[in-house]
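Undergrad: Can you read through this structure? Questions will come right after.
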Amino acid sequence: MTLSRASFIIPDWPLPGGVFALSTTRLGGSSGGAWRGFNLGDHVGDADGAVQANREDLRDRLPGSPVVDWLSQVHGNRVVELAPGRGEAVADACWTSHRGQPCAVLTADCLPVLLCSLDGACVGAVHAGWRGLAAGVVEAAVAAMAVPGKELMAWLGPAIGPTAFEVGPEVRSAFVGTAPAADRDATEACFASVRDRAGHYLADLPGLARMRLRGCGVSHLYGMAACTYSDADRFYSYRRDGQTGRMATLIMRCPTELYRPVGAGSARAKPCLNRT
């Protein structure tokens with residue numbers, strides 16, 4: 001089960017003490033029009049003032065109100081290490097061991113993946129669209145964190161679901177054609193043929209990501225069955241709407257104490273003694 005507070009989703013996974021994670025929805029916020037709600041993307045045509053207000057609202061709800069160094073995402077496999085003051089970087093995954101430094105990715109159908117070492121000393125976030133996933137962004141992120149896969153846990157956030165993500169043969173080939181022999185059948189099973197549309201498939205993006213994570217030795221896998229395409233009230237979806245907003249999924253080591261977000265009517269995050 002995944003818990004919701006106001007416009008945020010609090011992942012339900014056994015995080016070690018001192019680590020905080022959340023995923024936003026489109027609920028609430030200052031944006032209007034095609035971006036109605038809590039849009040956090042500043043590259044999608046929304047009014048700058050609305051995006052800034054939403055980002056400030058998010059920041060105020062995080063432990064210690066830290067600066068979020070947003071990535072410039074390009075559907076690739078580059079991973080960057082974040083440290084306070086680094087600023088924006090072109091990458092699709094990030095990680096850090098610094099306290100008070102959020103790792104965040106923006107999505108609107110692509111799969112957000114959060115990573116955390118079992119001891120809580122290292123955290124990361126991955127933007128896993130099909131291109132990045134096929135290019136090895138998950139493997140690159142695990143390698144960059146330099147933590148054995150068996151000592152990592154992963155949480156898969158809201159993304160387009162396996163009954164909505166229709167793709168062509170090039171997408172299937174990008175995965176099936178490069179899958180290890182031992183994973184070939186399981187990879188093919190992530191693509192269901194679409195009736196009356198030869199060469200078209202329904203792709204299971206989370207299923208493909210779980211396979212990639214297991215290939216890295218990550219067996220502590222968690223997530224939620226939420227389809228961004230099918231739930232227009234809660235989620236932005238680029239595939240469904242074209243021009244739309246972006247949601248954030250982030251993880252961080254808390255500065256000192258453990259925190260949790262409070263309801264929509266309160267501006268600041270409050271300390272709590274136990275996240276698990």
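The values are calculated or read from the model by the stated rules, or taken from the named source; none is laboratory data. The structure presented is a predicted model; accordingly, all values stated were derived computationally and were not measured. So basically every Cβ, Gly included, is an ideal-geometry build from the backbone, and we count neighbours across all protein chains shown. In case anyone asks, the SASA skips ligands and DNA or RNA and just uses the protein heavy atoms, side chains included. Shrake-Rupley method; radii C 1.70, N 1.55, O 1.52, S 1.80 Å.
Undergrad: Evaluate the following for Val138: is it under 23 Å from Leu205 (Cα atoms), in contact with a helix residue (DSSP H, G or I) (Cβ under 6 Å, 6 or more places away or on another chain), open to solvent by less than 10 Å² (accessible area, probe 1.4 Å) and modelled with pLDDT of 95 or more?
TA: So Val138 fits the description; yes.
Undergrad: Does Tyr222 count as under 30 Å from Gly29 (Cα atoms) and modelled with pLDDT of 95 or more?
TA: In short, yes.
Undergrad: Taking Ser72 and the conditions (1) closer than 13 Å to His43 by Cβ; (2) open to solvent by 50 Å² or more (accessible area, probe 1.4 Å), which numbered condition does it fall short on, given that it satisfies the others?
TA: The single condition Ser72 does not satisfy is (2).
Undergrad: Take region 157-178 and flag every residue that is open to solvent by 60 Å² or more (accessible area, probe 1.4 Å), touching a strand residue (DSSP E or B) at 6+ places or on another chain (Cβ under 7 Å) and among the β-branched types (Val, Ile, Thr).
TA: Within region 157-178, Thr163 is the sole residue that qualifies.
Undergrad: For region 80-99, enumerate the residues that are farther than 14 Å from Ala144 by Cβ and at pLDDT below 95.
TA: Hits for region 80-99 are Pro84, Gly85, Arg86, Gly87, Glu88.
Undergrad: Only one of (1) open to solvent by less than 30 Å² (accessible area, probe 1.4 Å); (2) at pLDDT 95 or above fails for Asn77. Which number is that?
TA: Going through the list (1) open to solvent by less than 30 Å² (accessible area, probe 1.4 Å); (2) at pLDDT 95 or above, Asn77 breaks only (1).
Undergrad: On to the next question. Inside region 1-49, can you point out the residues that are open to solvent by 10 Å² or more (accessible area, probe 1.4 Å), among the β-branched types (Val, Ile, Thr) and modelled with pLDDT of 95 or more?
TA: Of everything in region 1-49, just one residue is open to solvent by 10 Å² or more (accessible area, probe 1.4 Å), among the β-branched types (Val, Ile, Thr) and modelled with pLDDT of 95 or more, namely Val44.
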